[in-house]
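The next block holds one structure in the form of structure tokens; read it before the comments.
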Amino acid sequence: MTTIVWFRQDLRLADNPALAEAFANGPVLPVYIVETPEQAADSHPMTGASHWWLHHSLKALDATLGALGGRLVVMEGPAETALERAVAQSGATAIHWNRCYEPHAIARDKHLKTRFSADGLSARSFNASLLHEPWDVETKTGGPFKVYSPFWRAALTRPVAAPLPRPSGRLVSPDGLGRPLDSFGLTPSKPDWAAGWLDLWQPGEAGASALLGTFLEEGLKGYGELRNRPDLPNVSRLSPHLHFGEISPRQVWAATRLYTDMHPALAKDGEKFLSEIGWREFAYHLLYHFPTLPAKNWKPAFDAYPWRESEADLKAWQRGMTGYPMVDAGMRELWATGYMHNRVRMLVASFLIKHLRLDWRHGEAWFRDTLLDADLANNSASWQWVAGSGADAAPYFRIFAPVGQGQKFDPDGVYVRRWCPELARLPNEFLHAPFEAPDRVLKAAGVVLGKTYPRPIVDHAAARAAALAGYEAVKEAGGVAAE
């Protein structure tokens, strides 16, 4: 009795309930389906950097399945047609998958479950991506949470299931089913803007497990404070692995709890780290209950905000050429590595929204294209948080000062010097504000403002005043409280 296991955002064997249940019932046909945005009816499709990671993650999964005597069958979409073909060629009597929570995926999966069940197949779905289902954590009145802290307190009262061990069983793969992974063109070639990324990342289940172990051993101590320092290695960098399901939040939870039980002095750092998993849970909670989150202001009053349109300013931000080193360093790190430190993400987002007064949706789209961990729930919730238009949002009048943020969180200039090497010879005093440096200091450092490094594209004080003035329209629409 063959079961098709449809892999999606769960590219691992351990703690994979759909796979474990399928192996318990007989042989398994493992399938991944590559769909175009049109086939998937996805208005926020995977692009750019995510495709690179997907290719290498699928390659790693295929190698893991190969060690069990099988292979991953990679098929082209649409999903319904591909699954019909897989059923016909394998004689499968069941289809299992782990749940996705994006609006288009929920609609598609409901349709597929109804359609295949009507044909007499057992179509079952499981939770492999979250500690708790979005509908299981509720307010006392039974509705969804709209503020993170009470959501996480409520979630912490619920037991977290232990992760499942890696299952084993017989794999099948009918001849002629699927296409070679390379034929899907998921990796860039002309130009290969991801050249060297395999030196930075190890996509796949083994890479995720190794990275978590390294973080617990070397990065957890001091995490509560040092996680804000982009010049230090006190972050896990697990976000791409979590997004593609190469490791589950239950595995992260269990490993962290075990490690802090063994090292009680790190308990507070462990709780802070797990609270970041909590933010991910909250983002999915919001996306499930408010499916327009990626496209519309969560607080409708923010529709009144008078956004600017400036292609030149947007491109300067994207290229890391704003004239503010901490902002530019973050944007260049993103382009060079597919990743950006979380503290810097908040800064560059604030700069786009509140200094340049460009719509947060421009930033969400750029991050979705360039981030390896471009998670629809996290990305949308976080951008709206910074904008002030989202749930539990940052106060609209909280406008990060780029110079002050650099001085506070990159005090020795290690981060800026790495990503803005043209400023490397500036003394720390002026590194985060080269436009304030005397001519003799600039000359000694080989910096020519406007040539080797841009002048600021906007004045901080003027930008802050303009942003606050813009928020007056939102206040009049009833969207924010007075300062």
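Residue by residue through segment 344-358, note down the ones that are farther than 17 Å from residue 240 by Cα and under 14 Å from the mean Cα position of the chain (by Cα).
346
Return only the number of the condition from (1) touching a helix residue (DSSP H, G or I) at 6+ places or on another chain (Cβ under 8 Å); (2) under 19 Å from residue 227 (Cα atoms) that residue 377 does not satisfy.
Among (1) touching a helix residue (DSSP H, G or I) at 6+ places or on another chain (Cβ under 8 Å); (2) under 19 Å from residue 227 (Cα atoms), residue 377 violates only (2).
Among the candidates 283, 255, which residue alone is farther than 19 Å from residue 44 by Cβ, buried (at least 17 other Cβ atoms within 10 Å of the Cβ), of a type in the set (A, V, I, L, M) and in contact (Cβ under 8 Å) with a residue 24 or more places away in the chain? Give the derivation first.
On the way: 283 fails: farther than 19 Å from residue 44 by Cβ.
That would be 255, the only listed residue that is farther than 19 Å from residue 44 by Cβ, buried (at least 17 other Cβ atoms within 10 Å of the Cβ), of a type in the set (A, V, I, L, M) and in contact (Cβ under 8 Å) with a residue 24 or more places away in the chain.
Could you tell me whether any residue of segment 25-32 is touching a residue at least 24 places away in the same chain (Cβ under 8 Å), under 26 Å from the mean Cα position of the chain (by Cα), crowded, with 16+ Cβ neighbours inside 10 Å and more than 22 Å from residue 163 (Cα to Cα)?
Taking every residue of segment 25-32 in turn, at least one turns out to be touching a residue at least 24 places away in the same chain (Cβ under 8 Å), under 26 Å from the mean Cα position of the chain (by Cα), crowded, with 16+ Cβ neighbours inside 10 Å and more than 22 Å from residue 163 (Cα to Cα).
Is segment 353-374 home to any residue that is in the same structural domain as residue 449 (by TED's automatic domain parsing), buried (at least 24 other Cβ atoms within 10 Å of the Cβ), touching an Asp or Glu at 6+ places or on another chain (Cβ under 6 Å) and more than 26 Å from residue 418 (Cα to Cα)?
No: segment 353-374 contains no residue that is in the same structural domain as residue 449 (by TED's automatic domain parsing), buried (at least 24 other Cβ atoms within 10 Å of the Cβ), touching an Asp or Glu at 6+ places or on another chain (Cβ under 6 Å) and more than 26 Å from residue 418 (Cα to Cα).
Just a yes or no: is a residue in segment 357-372 closer than 26 Å to residue 100 by Cβ and either free of Cβ contacts under 8 Å to residues at least 12 places away in the same chain or of a type in the set (Ser, Thr, Tyr) (or both)? I'd like the intermediate steps shown before the answer.
Going through segment 357-372, the residues closer than 26 Å to residue 100 by Cβ turn out to be 360-372.
Those left that are additionally either free of Cβ contacts under 8 Å to residues at least 12 places away in the same chain or of a type in the set (Ser, Thr, Tyr) (or both): 365, 370.
Scanning segment 357-372, I find at least one residue that is closer than 26 Å to residue 100 by Cβ and either free of Cβ contacts under 8 Å to residues at least 12 places away in the same chain or of a type in the set (Ser, Thr, Tyr) (or both), so the answer is yes.
All but one of (1) hydroxyl-bearing (Ser, Thr, Tyr); (2) free of Cβ contacts under 8 Å to residues at least 24 places away in the same chain; (3) under 28 Å from residue 325 (Cα atoms) hold for residue 214; state the number of the condition that does not hold.
(3)
Within segment 209-216, can one find any residue that is more than 23 Å from the chain's Cα centre (by Cα) and modelled with pLDDT of 95 or more?
No, because not a single residue in segment 209-216 is more than 23 Å from the chain's Cα centre (by Cα) and modelled with pLDDT of 95 or more.
Would segment 421-429 turn up any residue that is in contact (Cβ under 8 Å) with a residue 60 or more places away in the chain and touching a helix residue (DSSP H, G or I) at 6+ places or on another chain (Cβ under 7 Å)?
Yes, there is a match, as at least one residue in segment 421-429 is in contact (Cβ under 8 Å) with a residue 60 or more places away in the chain and touching a helix residue (DSSP H, G or I) at 6+ places or on another chain (Cβ under 7 Å).
Output the number of residues of segment 66-81 satisfying the condition of being surrounded by 19 or more Cβ atoms within 10 Å (Cβ to Cβ) and either free of Cβ contacts under 8 Å to residues at least 12 places away in the same chain or in a helix (DSSP H, G or I) (or both).
1
Under 23 Å from residue 168 (Cα atoms) and polar (S, T, N, Q), is that true of residue 93? Walk me through how you get there before you give the answer.
Working: under 23 Å from residue 168 (Cα atoms): yes; polar (S, T, N, Q): yes.
Criteria met by residue 93.
Report, by residue number, each residue of segment 47-65 that is among the β-branched types (Val, Ile, Thr) and either out of contact with any Asp or Glu (no Cβ under 6 Å at 6 or more places or on another chain) or crowded, with 18+ Cβ neighbours inside 10 Å (or both).
64
The values are calculated or read from the model by the stated rules, or taken from the named source; none is laboratory data. Just so you know, these numbers come straight off a predicted model, no measurement behind them. Note: ideal-geometry Cβ built from the backbone for every residue, glycine included; neighbour counts use all protein chains shown.
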